[in-house]
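I have placed the structure first, in the form of structure tokens, so that the comments after it can refer back to it.
The values are calculated or read from the model by the stated rules, or taken from the named source; none is laboratory data. Here the structure is a predicted model, which is why all the values come from computation and not from measurement. Every residue, glycine among them, receives a Cβ derived from its backbone with ideal geometry; neighbour counts consider all protein chains shown.
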Amino acid sequence: MADQIILQYIGFTSGALVREYSFVVRHDSGQPREYTVTIANEAFVSHRARYQDGPNICSLRLRRELATDATDPSITQFCITDSELTDYKNSSPKPVRYLQKREQN
């Protein structure tokens, strides 16, 4: 039976160039391991990413990395690429906007 992976988001820190998201990964067997995933601040300023989506974007990337190496990747720091931001934006559901007709008196 495969190990169950538990991914816990710890928080973020803002730096001059990047926002760094911290995670702890726990396996059924083995010690917890810390990972960080960064997104360039410019991605937020240019509206290619929303601040509230940062943890989810990073979590998805980390899950992909863990899936490719079930025993744990040897690298513990990752950086979100422009293509990953585009993929996330294209795959995330669009908010529903309702138009209301104003009543005229």
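For the stretch 27-63, the candidate set comprises residues that are in a helix (DSSP H, G or I) and of a type in the set (S, T, N, Q); within that set, the residue that is surrounded by the fewest Cβ atoms within 10 Å (Cβ to Cβ) is GLN52. For LEU66, are the conditions met, namely being under 20 Å from GLN4 (Cα atoms), among the aliphatic types (A, V, I, L, M), in a helix (DSSP H, G or I) and modelled with pLDDT of 90 or more? For LEU66, the condition - under 20 Å from GLN4 (Cα atoms), among the aliphatic types (A, V, I, L, M), in a helix (DSSP H, G or I) and modelled with pLDDT of 90 or more - is not met. Condition (residue is under 12 Å from PHE23 (Cβ atoms) and aromatic (Phe, Trp, Tyr)) applied to the stretch 39-57: is it met by at least one residue? Within the stretch 39-57, none of the residues are under 12 Å from PHE23 (Cβ atoms) and aromatic (Phe, Trp, Tyr). With the structure loaded, tell me whether ILE5 is modelled with pLDDT under 95 and touching a Leu at 6+ places or on another chain (Cβ under 9 Å) or whether it fails that test. Criteria met by ILE5.
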